[in-house]
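Report on the structure given below.
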């Protein structure tokens, strides 16, 4: 399963936990040590994470040692100086921006720290040994469609430009500052 909501079928956490449990219990291993990563919430939806983990660890108890990752997605797209919270109009331009837009994007990128900490804390309530690791596997700024260097009508508008590189480097720097015992993230 790729995504539990949006493009993946708009599951409730309980429906997804049931499907995840069924799939990971049934899939043939053929002698391969398969590792499964659950598709977690978009951003900081802690209720979604709670409800999934309650369901996956409820009776009958789920004993899969192959459930090793919990995915979180976070897109920074609100780069309109907080003038809008609408998914389509909130995105700023990929190539046309000023210094205020830079700072707003950096502020949005810093939110990943709290998202990681909050998700890790919730996961620990159900998996105290943290056998399931946190994975941030979709993480980028999104820009208004049609403002990229080479617009593509068949893709999200995450562009590889200098702001994206700085965004990722800044977040990576924050992660490299973690002490041992703090949640792994990437």
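Remarks
- Complete set of residues in the stretch 27-48 that are crowded, with 16+ Cβ neighbours inside 10 Å and out of contact with any strand residue (DSSP E or B) (no Cβ under 6 Å at 6 or more places or on another chain): 41, 44, 45
- Conditions (1) closer than 30 Å to residue 63 by Cα; (2) loosely packed, with under 15 Cβ neighbours inside 10 Å; number of the one not met by residue 110: (1)
- In the stretch 91-119, the residues that are at positive phi and assigned to a helix (DSSP H, G or I) form no Cβ pair under 6 Å with any partner that is exposed (fewer than 15 other Cβ atoms within 10 Å of the Cβ) and at pLDDT below 85, whether six or more places apart or across chains.
- Residue within the stretch 146-163 that is at pLDDT 65 or above and touching a helix residue (DSSP H, G or I) at 6+ places or on another chain (Cβ under 9 Å) present: yes
- Per the listing 86, 98, 47, the residue uniquely closer than 26 Å to residue 144 by Cβ and either touching a helix residue (DSSP H, G or I) at 6+ places or on another chain (Cβ under 6 Å) or modelled with pLDDT of 80 or more (or both) is 98.
- With respect to being surrounded by fewer than 16 Cβ atoms within 10 Å (Cβ to Cβ) and either under 14 Å from the mean Cα position of the chain (by Cα) or modelled with pLDDT under 75 (or both), residue 167 falls outside the description.
The values are calculated or read from the model by the stated rules, or taken from the named source; none is laboratory data. Predicted model, so just to flag it, every value in this text is computed and none were measured. Cβ: placed from backbone, ideal geometry, glycine included. Neighbour counts: every protein chain shown.
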